[in-house]
Amino acid sequence: MKEAYHKATNPEVKKKEEKEETTTKTGTTSTKTGTSSSNSSDSPPPIKEEDSPSFDPQPLLELAYKRKGLIVGVALPMFVIFRHPGIVMAAVRIGASIAAFAFHIIARNPHLRSVVGAYLWKVYA
């Protein structure tokens with residue numbers, strides 16, 4: 001790790017590596033016969049800035065804008081569930097308590113029971 005940092009920050013090492021690259025480019029390598037030039041490093045040459053493609057975020061932003069429903073409907077809840085599981089468990093427990101309480105009130109009151117039953121019959125039958 002220290003060697004990689006030293007190579008990256010030391011200008012003398014960079015010059016030496018550039019010289020090695022030029023000799024590697026001029027040297028001959030033959031993979032069919034198994035012979036190679038004097039520089040036989042196994043690592044690939046470093047990628048230069050002009051060789052690397054530029055990153056354009058516009059297509060990614062357009063995709064996110066088109067699929068915002070998917071992001072809000074799936075990715076956001078997954079983030080909340082995995083990031084704050086205690087809050088999610090508390091919300092489920094409180095929601096279940098409220099639902100059980102509402103069911104208890106509706107089941108015990110004959111007038112509410114008939115209103116809710118008529119509504120459910122109208123909607124789902």
Pairs under 8 Å by beta carbon, first residue over 19 Å from LEU120 (Cα atoms) and not assigned by TED's automatic domain parsing to the domain that holds LEU120 in segment 80-108, partner in a helix (DSSP H, G or I) and basic (Lys, Arg), six or more apart or different chains?
none
I'd like to know if segment 82-99 contains one or more residues that are at pLDDT 70 or above, within 26 Å of the chain's Cα centre (by Cα) and among the hydroxyl-bearing types (Ser, Thr, Tyr).
no
Does SER41 satisfy the criteria of being at pLDDT below 90 and of a type in the set (Ser, Thr, Tyr)?
yes
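The values are calculated or read from the model by the stated rules, or taken from the named source; none is laboratory data. These numbers were taken from a predicted model, which means no experiment stands behind them. Backbone-built Cβ (ideal geometry, glycine too); neighbour counts: all protein chains shown.
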